[in-house]
1. With an 8 Å cut-off on Cα pairs and a minimum separation of 6 or more residues, tell me the relative contact order of segment 274-407 in percent.
2. Write down, largest first, the equivalent ellipsoid semi-axes of the chain in whole Å, where each equals the square root of 5 times an eigenvalue of the alpha-carbon gyration tensor.
3. So which residue, out of Ala278, Ala110, Ala223, gets the largest mean-square fluctuation from a GNM of the chain using Cα contacts under 10 Å as springs?
4. Can you give me the relative contact order of the chain as a percent, contacts being Cα pairs under 8 Å and 6 or more apart?
5. Measure nothing but the geometry: give the 0 to 90° angle between the long axis through the Cα atoms of 366-383 and the longest principal axis through the Cα atoms of the chain, rounded to 10°.
6. So what's the angle, to the nearest 10 degrees on a 0 to 90 scale, between helix 129-141 and the longest Cα principal axis of the chain?
7. Once you have the alpha carbon radius of gyration of segment 110-238, what is it after dividing by 2.2 N^0.38 Å, with N set to its residue count?
8. So, in Å, what gap is there between the alpha-carbon centers of segment 154-189 and segment 57-79?
Amino acid sequence: MKLLYVTSSFPYGHGEGFLVAELNELEAQGHEVVVVPALARGPVVHDDVRPLIARTQKAPLLSAAIASSALREARRSPAASARRFAALRDGRSPLIVAKNAAVVPKSLWAARLARELAVDHVHAHWAGTSATIAMLASELTGIPWSFTVHRWDIREDNLLRRKADSAAFVRAISADGLADLRRKVDGTSTPTLLIHMGVPLQRRPAATSPRPREEPLRVLVPANLLEVKGHRHLLEAVALLRDREVPVRVVLAGRGPLRAAIERQIDSLRLDDACSLAGQLSHPDLLRRLSEGEWEAVVMPSIETRSGEKEGIPVSLLEAMSYGVPVVGTRVGGMVELLDDGSGLLVPPADAHALAAALETLAGDAELRARLAERGRAKVERDFASESVVRELVARFEGAAATRRSR
């Protein structure tokens, strides 16, 4: 199949690195993928996305070329185009209406691109403006489309019901997200499905000598520095462990607006010897270091924010589990689905004492670490391997294309 994938900014910028495995696996299974970032902002920061640049159609939201292409596309069916664009005014807030209006020219350009490339299916990641582009391109060309919802985009509700009614199917990446999605689009006849994000099965790190009890537990937190990630509770847990004379070394790998606040908390808790801020690690570097056994545990201390934002199933945890690295998460969002069967340790969110207890247990129990490593690896192999995830996704793409041909 020839697929057009609409992203937020991928392969540019710091986010959406989780798409690499899905796009690479699609191509490995013989499908041609063209990537269209809604807004190609930021540099190429992950080396493993560079091969996808050649298959990316980079274009601004508006330029002379975009405007010219959009005008030619609108002239193909001006009445139908006008009706579809008018419906965008039904957004639930002026901000959403404005965001959708901003991508109208690029939506027309994307429709023309999809037609010229003879695309079989259009798929968008995120239910926001990337899905707006994909929906309009599909409706103007008759090419079937679908979209993947993640987490914040469900809560934003940018024409979510209209998009669901228009799409061939809607994919959620966690059971918790699927439940939230179905509440938003209750009554739609469009299939709403759980299809996880997948990761490649990785080579396990080489066995290492048992760590002396006096050596610190080496912990990685691969999360952008955002409120929802719950870093402050982890730092409080590390301070508790220091007071109990349980040594840990924590690397915070990520970037974001809370960096200064986190630095202040590290200083105020006198954790300079126990915690370091590594900034954004490149995806290949992160995977290499996981494969070399640099960290003995990966922790995601996420919370649900006051605005209702919460975690999906973090791909960073899946990657750690695929390498046989034990993981610790919180009982929030999709992490319950991922870890509640004993594939990792789960603690209540925003509970520094519970998090400290989990890390203390891991530090002192090599057999538990080995058991969690095996269970985590088996869970990824069973439910999250990119090869099987992509096969299921492609079956849905092919079904939508077959339905179009039969009409």
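Derivation of every value follows stated rules applied to the coordinates shown; laboratory data play no part. This is a predicted model, so every value here is computed, not measured. Reconstructed Cβ throughout: ideal geometry from the backbone, glycine too, with neighbour counts over all protein chains shown.
1. Here the relative contact order equals 21 percent.
2. For the chain, the ellipsoid semi-axes come out as 41, 21, 19 Å.
3. In the Gaussian network model the winner is Ala278.
4. On the way: 784 pairs, mean separation 61.2, N = 407.
The value is 15 percent.
5. 10
6. Tilt relative to the chain: about 30 degrees.
7. 1.47
8. Segment 154-189 and segment 57-79 have Cα centres spaced 29 Å from each other.
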